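Asker: Have a look at this one before I ask anything.
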Amino acid sequence: MQNVTLNNGVEMPILGFGVFQIPADETEQVVTEALAAGYRLLDTAASYGNEEAVGRAIKNSGIPREELFVTTKLYVQDGPAEENTKRAFETSLTKLGLDYLDLYLMHQPYGDVYGQWRAMEELNRQGRAKAIGVSNFYPDRLLDLIINNEITPAVNQIETHPFFQRADYQELMREQGVQQQAWGGFAEGKNDLFTNPVLSDIAQRYGKSVGQVVLRWAIQRGVAQIPKSVRPERMAENLAVFDFALTDAEMASIAGLDTGASLFFDHHDPEIVKWLSARRLDS
Ligand SMILES: NC(=O)c1ccc[n+]([C@@H]2O[C@H](COP(=O)([O-])OP(=O)(O)OC[C@H]3O[C@@H](n4cnc5c(N)ncnc54)[C@H](OP(=O)(O)O)[C@@H]3O)[C@@H](O)[C@H]2O)c1
């Protein structure tokens, strides 16, 4: 597996496995299959409600802890952010059955972001989270966080797919030493991604699937990927992207698919701010 080196020297697989929208009662089985397929990076979140199931699959796999890269995410906290962030971290760790995380991400750019980040910095200094980062941060919020704090996020996990490529933003993150990691790397199939003619044409040339072309395109751009699938055949398919390479012309034709807009929602939209900020997790 190809790794990327994060800004603090931590090595992260460029391709991992995401578990968003996998029901908690199916997650243990799905993650067990993903680990058997060869995934070593698992991406979950407190808000996905399936950390315990991910933890059981990790434990039962018998894979040595140091061979795995586990990410979870802090949801927006009420009240005293530093104290609550540390508590939320311990809750996630307990649910996962782990004694450290490889990557802890702030899930949303809302709430007392500074207080949450200070607590995450402390967890990072203590070695309890080997790397810390953010998710869904747009350039203004990311730069503000970087400029006014000590530790620069190692990762920003953001919506990235052929219809919303974030190329300018990637340039800025590169300058700042922040690794881009895609969420919704397949746009969850929106906009007929899996039958897109440009992608299908390239896929046919290599005897690959559209999904593989999309993953390969991202990896060639240096964007980390965490595709989700509940089907073992697709888990394997999504890992088999290191035996071919797209040409500059093919990369350019995929660049032409960018619409510059989200297919999901805009974190600047006041209704989205209200919606995501109103949500609170039970623990
Ligand atoms: N930080 C955030 O705010 C945030 C937001 C969203 C997601 N994420 C993370 O990013 C991960 C990936 O994003 P996502 O789960 O939203 O969507 P995604 O990976 O873009 O798409 C998943 C969808 O694609 C299908 N699929 C997977 N592989 C395929 C293939 N080779 N051919 C055809 N269809 C395929 C899956 O169906 P089957 O399962 O039926 O195969 C599923 O419906 C998540 O699991 C989560 O870890 C983070």
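Asker: Test of understanding: in a Gaussian network model of the chain with alpha carbons linked when under 10 Å, which of Thr44, Thr85, Thr247 would top the mean-square fluctuation ranking?
Answerer: Ranking Thr44, Thr85, Thr247 by mean-square fluctuation puts Thr247 first.
Asker: Mind listing the phi-derived Karplus ³J(HN,Hα) values for segment 100-113, rounded to whole Hz, using 6.51, -1.76 and 1.60 with θ = phi - 60°, and x for any glycine or proline?
Answerer: With coefficients 6.51, -1.76 and 1.60, one gets 7, 10, 7, 8, 10, 10, 7, 5, 9, x, 10, x, 7, 4 Hz.
Asker: For Gln165, enumerate residues with amide H under 5 Å from its amide H, sequence gap 5+ or separate chain, H modeled in the peptide plane.
Answerer: Thr259, Gly260
Asker: Expressed in nm², what is the orientationally averaged projection area of the convex hull enclosing the Cα positions of segment 3-278?
Answerer: Over all viewing directions, segment 3-278 projects a mean Cα-hull area of 13.8 nm².
Asker: Using the Karplus curve 6.51 cos²θ - 1.76 cosθ + 1.60 with θ = phi - 60°, what ³J(HN,Hα) values do you get for each residue of segment 28-44, in whole Hz, with x for Gly and Pro?
Answerer: Karplus-based 3J(HN,Hα) across segment 28-44 equals 4, 5, 5, 5, 4, 5, 5, 5, 5, 5, x, 5, 10, 9, 10, 10, 10 Hz.
Asker: Between segment 223-283 and segment 45-101, what is the C-alpha centre distance in whole Å?
Answerer: Using only Cα atoms, the two centres lie 22 Å from each other.
Asker: Take the alpha-carbon positions of segment 125-253, form their convex hull, and give its projected area averaged over all directions (one quarter of the hull surface) in nm².
Answerer: Over all viewing directions, segment 125-253 projects a mean Cα-hull area of 9.3 nm².
Asker: As a test of the formula, what do you get for the chain when each DSSP H run with n ≥ 4 contributes -39,500 (n - 2.57) and the sum is divided by the residue count, at 222 nm and rounded to the nearest 500 deg cm²/dmol?
Answerer: That comes out to -12500 deg cm²/dmol.
Asker: I'd like the Karplus ³J(HN,Hα) series for segment 4-10: coefficients 6.51, -1.76, 1.60, θ = phi - 60°, whole numbers in Hz, and an x wherever there's a Gly or Pro.
Answerer: The phi angles translate into 10, 9, 6, 5, 10, x, 5 Hz.
Asker: Shifting gears a bit: Which residue, Gly115, Gly207, Gly133, tops the fluctuation ranking in a GNM of the chain built on C-alpha contacts under 10 Å?
Answerer: Gly207
Asker: To continue, here is another question. Out of residues 5 or more away from Phe17 or on other chains, whose amide H comes under 5 Å of its own, with H placed 1.01 Å from N in the peptide plane?
Answerer: Leu41, Leu42, Asp43
Asker: Comparing Phe163, Phe17, Phe244, which has the greatest mean-square fluctuation in the GNM of the chain with Cα pairs linked when under 10 Å apart?
Answerer: Phe244
Asker: Further question on the same structure: Search the structure for amide H atoms under 5 Å from the amide H of Gly184, placed 1.01 Å from N in the peptide plane, and list their residues when 5 or more places away or on another chain.
Answerer: For Gly184, whose amide H was placed from the backbone, there are no distant partners under 5 Å.
A short reminder: the numbers here are calculations on the coordinates, not readings from a lab. Everything numeric in this text was worked out from a predicted model, so none of it was measured.
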